[in-house]
Structures are given as C-alpha cells and as structure tokens.
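Scroll down for the structure; my scribbles are underneath it.
The values are calculated or read from the model by the stated rules, or taken from the named source; none is laboratory data. If you're wondering where the values come from, they're calculated on a predicted model, not measured in any experiment. Cβ coordinates were reconstructed from backbone atoms using ideal geometry, including for glycine residues, and neighbour counts include every protein chain displayed. Keep in mind that these areas ignore ligands, DNA and RNA; they rest on the heavy atoms of the full protein, side chains included. Shrake-Rupley method; radii C 1.70, N 1.55, O 1.52, S 1.80 Å.
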Amino acid sequence: MTLLDAAPRTAQTSAPVLDVLAERWSPRAFDPDAVLEPGALAGVFEAARWAPSANNSQPWRFIIARRGTATFDTIANALMGFNQAWAGSAAALVVNVAIVADADGKPTPWAQYDLGQAVAHLSVQAHAEGLHVHQMGGFDRDAISAAFELEERFVPTSVMTIGKLGDAAALPDALREREIAPRQRLALDEIVLLND
Ligand SMILES: Cc1cc2nc3c(=O)[nH]c(=O)nc-3n(C[C@H](O)[C@H](O)[C@H](O)COP(=O)(O)O)c2cc1C
C-alpha cells in the first residue's frame, strides 16, 4: 500500500476522456534509481515532433540530459530552490526551447504556443509509455541561455522532468502533502465563455 493508493491521481472528469488524459499527472516523487536506456525517449520526442504548429514551423528545440551527466547538473543548478528540492531524482531533465524569431529577426508569435502543444503531446505519449513528466517554469532562464550558449531567439521556456514514478513517502513534508492533495480543475462551465 503506497500513499497514492489512498489518494488516486486519475482525474474525476465530468465527461468521458481518453484514459491516458485522465491518468496523466505531474508527480514530484521520481525514482532516483530509474535509468533511461538509450532510445527510451525516442517515442516521447517523436510525439513532440508530430505536434501541429503555425505554418508547420516547428519552433521547438529540446536539450535532453540524463541524470549523472554534467548537462543534467547544469540544468538542475538553474532550477529555483523549490524545484531543486525534488527534480534531481528524475531520470532526465529537459529544457524546452521556443524559437521566437526567424533567422532574419522577424518575430514568430505562435512559437511558445506551439512549443506548449508539442510538450503536451509529449507528456501524453510519456504517460502512455509508463513515464511521468513534470513541467517547470521556476528556473533561471539567463543561466540556461548562458550555459548552452543559446542565441537570443532561442528562448528557454520551461524545463521538465521525465522519469519513473517514485515513492511519495520519500518527499519532504510540504511536497508530500502536495503530492497526495486532491487534483482539481475549474468546472467546465467556467472555462467555456460561450457555447451556443
Ligand atoms: C508552464 C508550467 C509551469 C509549471 N511550473 C512548475 C514549477 O515551477 N514547479 C512545479 O512544481 N510545478 C510546476 N508546474 C506543474 C503544475 O503545477 C501542474 O501541471 C498543475 O498543478 C496541474 O497538475 P497535473 O499536471 O498533475 O494535472 C508547471 C506546469 C506548467 C504547464
């Protein structure tokens, strides 16, 4: 019996949705011993690759780092403290980069929208493959840009963990409470402004 048995993570939906969508969630407890074999993330990034984007511009790029590499430590060190407290246990850290202007400097206004959509597809694919993803906005963008010598139009927009689910009991108290808190959303009629 784990803590999560008493706190089911599956969304209580008001209408049926695909199982994988209801079951996807963002843990903070990752298995610190889980290792991603070479190729283990191929399907996950293939899902991102086939996401739709404005004019098929595909303005997304990824920096993938497995735990135990110097690249992983560089990304982990750029996380805000509240994320550093848990994210280092994940098997991989990934920087999600949006290309916000073309090579001539012309803005590509849908870039971050498109990146988010690619990450959404990726997170669903990951869940279907038995992996978990947790996206983070809490990190030092300038530190990431400097460390990876990103040109200005390559904007580090989020960082995510990818890994195997760990034991919620191993989290510090405050994080453990959040890990098992009921999952909530606004009601459907609150997010639909008009439905004629
Ligand atoms: C753009 C973005 C930024 C986020 N930033 C953080 C973060 O810095 N730290 C964190 O613990 N979770 C972060 N999250 C995770 C959200 O809190 C989480 O997705 C939300 O509470 C819904 O939970 P669920 O994914 O389990 O359904 C972020 C999610 C997104 C999409």
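Tell me which residues, restricted to segment 151-196, are of a type outside the set (V, I, T), within 26 Å of I99 (Cα to Cα) and within 13 Å of the ligand (Cβ to nearest atom).
Scanning segment 151-196 gives P156, S158, M160.
Taking the conditions exactly as written (modelled with pLDDT of 95 or more and surrounded by 18 or more Cβ atoms within 10 Å (Cβ to Cβ)), does A42 satisfy them or not? Spell out the reasoning first.
Values: modelled with pLDDT of 95 or more: yes; surrounded by 18 or more Cβ atoms within 10 Å (Cβ to Cβ): no.
The answer is no for A42.
So the check is Cβ under 9 Å with 6+ separation or different chains; which pairs have a first residue in segment 160-187 that's within 27 Å of G39 (Cα to Cα) and open to solvent by 60 Å² or more (accessible area, probe 1.4 Å) and a second one that's in a loop (DSSP other than H, G, I, E, B) and not hydrophobic (A, V, I, L, M, F, W, C)?
Filtered contacts from segment 160-187: K164/D31; K164/D33; K164/G130; L165/P27; L165/D31; L165/G130; D167/T2; D167/D31.
For the structure I just gave you, tell me whether A98 is touching a residue at least 12 places away in the same chain (Cβ under 8 Å) and not in a helix (DSSP H, G or I).
In short, yes.
Looking at segment 74-116 only, could you name the residues that are polar (S, T, N, Q) and within 11 Å of the chain's Cα centre (by Cα)?
Here is the first cut: in segment 74-116, the residues polar (S, T, N, Q) are 74, 77, 83-84, 89, 96, 108, 112.
The answer is N96, and nothing else.
Among the numbered conditions (1) farther than 18 Å from P156 by Cβ; (2) part of a loop (DSSP other than H, G, I, E, B); (3) modelled with pLDDT of 95 or more; (4) away from the ligand (no atom under 15 Å from the Cβ), tell me where Q58 comes up short.
Only one criterion in (1) farther than 18 Å from P156 by Cβ; (2) part of a loop (DSSP other than H, G, I, E, B); (3) modelled with pLDDT of 95 or more; (4) away from the ligand (no atom under 15 Å from the Cβ) is unmet by Q58, namely (1).
Could you grab me the full set of residues in segment 125-139 that are open to solvent by less than 40 Å² (accessible area, probe 1.4 Å) and aliphatic (A, V, I, L, M)? Show your work before the answer.
Going through segment 125-139, the residues open to solvent by less than 40 Å² (accessible area, probe 1.4 Å) turn out to be 126-127, 130-134, 136, 138-139.
Of everything in segment 125-139, those that are open to solvent by less than 40 Å² (accessible area, probe 1.4 Å) and aliphatic (A, V, I, L, M) turn out to be A126, L131, V133, M136.
Identify the single condition in (1) exposed (fewer than 15 other Cβ atoms within 10 Å of the Cβ); (2) at positive phi that Q58 does not satisfy, given that it satisfies every other one.
The one condition Q58 does not meet is (1).
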